[in-house]
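Just below is one structure, and these are the notes that go with it.
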Amino acid sequence: MRAAKRPVVDASASYKNNPAAMAEAAAMAQRMGVRPAWVRSVIGKAKRMPGIIKAVTPGQASAARDWTLYRSRVVEPTRIAAGVRFWQHNAATLARAEHETGVSAATIVGILGIETIYGKHMGGYRTVDALSTLAFDFPAAHPRAAQRSAYFLQELEEFLRLCKAQGRDPLSVRGSYAGALGMAQFMPSSWRQYAVDFDGDGRIDLFGSQADAIGSVAHYLAAFHWKAGLPTHYPVQFDAQKVDLPGLLLNDIVPSLTPAVLREKGVTLGEGGDQHPGLLALIELPNGERPTQYVAGTDNFYTITRYNWSSFYAMAVIELGQAVAREVKSPI
Ligand SMILES: [Ca+2]
């Protein structure tokens, strides 16, 4: 008996048969100043990906947020070892990036490790399929569906501009289901705006050049106001009698509290945090059934979240970078 297996894509799922997509393609071609037939042909070959629609549809059952579990999956020996090899292989490039931008080598190594394990997992979706699906079939059930589809439509245009500028075949580029590209998982607009040619071969290649990936991550964080030498966070302790958690968490991850205000609200900062010159945010790291963890995040913690809006993400980047740095600087 033949198993009834629904295909992931079929011919009818092609955007060639979607009048709204073809109209957008024509408008896009006009904005880009290229032949409409080229854009229609590329987007016409894009396939609607049901799995991507499902992944961004709200209401999927999800487990309780658990920092310890998340951390154990991404800050672990295999990834740390890959980070050590990457650092040793690229030591001079990392030092140059740190010197030019002020962004620490550990942070760059942390980001490239969390994003793709140093280029090992750059994503297997055709980018034109992913971005077309998210632009033209974003699930209406999502509370911000209109904004999200407009965003992905813009990214689809940026992607085509990038391919045009670089002489890449848009149908052969692959990345994440959300359209992120290369070792650094830059969205097309970020690639066009922030990526740099750091190995000096005249081409920006976030797929094949580790140096370009390193330089681009550093340049991105510098553009989002990374401050050289500033710690990312401080440990905290609470005065249980005084602490006002709801008040402290009002502004989420945006640094908006001085060390004095934190002290007033029952928070003691460790590792010199009470001398911190700027604002801080109380970062909450829920732990499933276990007690929630907290740290005080600085402007640099916030800058890491410009890469990915998540305190788990930022904390994992920081801890992976630190773990790798410890191994590199004091090898066994
Ligand atoms: Ca290059």
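No value in this document is a laboratory result; all are computed from the given coordinates. These figures come from a predicted structure and were not determined experimentally. Cβ placement follows ideal geometry from the backbone for every residue including glycine, while neighbour counts extend to all protein chains displayed.
Quick one: order Tyr177, Tyr307 by neighbouring beta-carbon count within 10 Å, fewest to most. Walk me through the intermediate numbers first.
Details: Tyr177 19, Tyr307 22.
Fewest to most other Cβ atoms nearby, the residues stand as Tyr177, Tyr307.
Over all distinct Cα pairs, what is the inverse of the mean 1/r for the range 209-326, reported as the Kirkwood hydrodynamic radius in Å? Let's see the in-between values first.
Details: mean 1/r = 0.0664 Å⁻¹.
Kirkwood radius, the range 209-326: 15.1 Å.
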Find the eigenvalues of the gyration tensor of the Cα atoms of the chain, then list the square roots of 5 times those eigenvalues as equivalent ellipsoid semi-axes, largest first, in whole angstrom. 38, 25, 19
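In a shell of Cβ-Cβ distance under 11 Å around Met183, excluding Met183 itself, what net charge do Lys and Arg (+1) and Asp and Glu (-1) give?
Its environment carries a net charge of -2.
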In whole Å, what are the extents of the range 163-254 along the principal axes defined by its C-alpha atoms, from largest to smallest? 63, 30, 17
Testing the spin-label approximation: label points 7 Å from Cα along Cα→Cβ at Ser172 and Ser41. State their distance in nm. 1.5
Estimated Rh, the range 145-213: Kirkwood, alpha-carbon pairs, angstrom: 12.4
Could you give the distance between the Cα centres of the range 241-272 and the range 167-183, to the whole Å? 42
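For a footprinting-style exposure proxy, rank Glu327, Glu158 by other Cβ within 10 Å, fewest first.
On the way: Glu327 16, Glu158 19.
Least to most surrounded, the residues fall as Glu327, Glu158.
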Once the dipole of the chain is set up with Lys and Arg at +1 and Asp and Glu at -1 on Cβ about the Cα centre, which of Tyr307, Pro291, Ile53 lies farthest towards its positive end? Ile53
Of the options Tyr194, Gln210, Pro139, report the single residue whose Cα projects farthest towards the positive end of the charge dipole of the range 136-223 (beta-carbon charges: Lys, Arg +1; Asp, Glu -1). Pro139
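As a check on your grasp of the helix formula, calculate [θ] at 222 nm for the chain: sum -39500 (n - 2.57) over DSSP H runs of n ≥ 4, divide by the residue count, round to the nearest 500. Don't skip to the end; give the middle numbers.
Values: 15 runs with 163 residues, N = 332.
The per-residue figure over the chain is -15000 deg cm²/dmol.
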Under 23 Å between alpha carbons - lysine pairs in the chain that sit 8 or more apart or on different chains: 11
Please report, in debye to the nearest 20, how large the charge dipole of the chain is about its Cα centre when each Lys and Arg carries +1 at its beta carbon and each Asp and Glu carries -1 there. 1400
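His121: net charge of surrounding residues, Cβ under 15 Å, Lys/Arg +1, Asp/Glu -1, itself excluded?
On the way: positive: Arg73, Arg79, Lys120, Arg174; negative: Glu76, Glu115.
Neighbour charge sum, excluding His121 itself: +2.
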How big is the dipole moment of the range 233-297 about its Cα centre under a simple scheme where the beta carbon of each Lys and Arg is +1, that of each Asp and Glu is -1, and everything else is neutral? Debye, nearest 20, please. 60
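Restricting everything to alpha-carbon atoms, can you work out Rg to Rh for the range 101-241 with a Kirkwood hydrodynamic radius?
Radius of gyration relative to Kirkwood radius: 1.06.
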Going by C-beta contacts inside 10 Å, put Thr298, Thr258 in order with the fewest on the left. Thr258, Thr298
Size of the range 233-297 along its principal axes in angstrom, Cα-based, largest extent first? 35, 24, 23
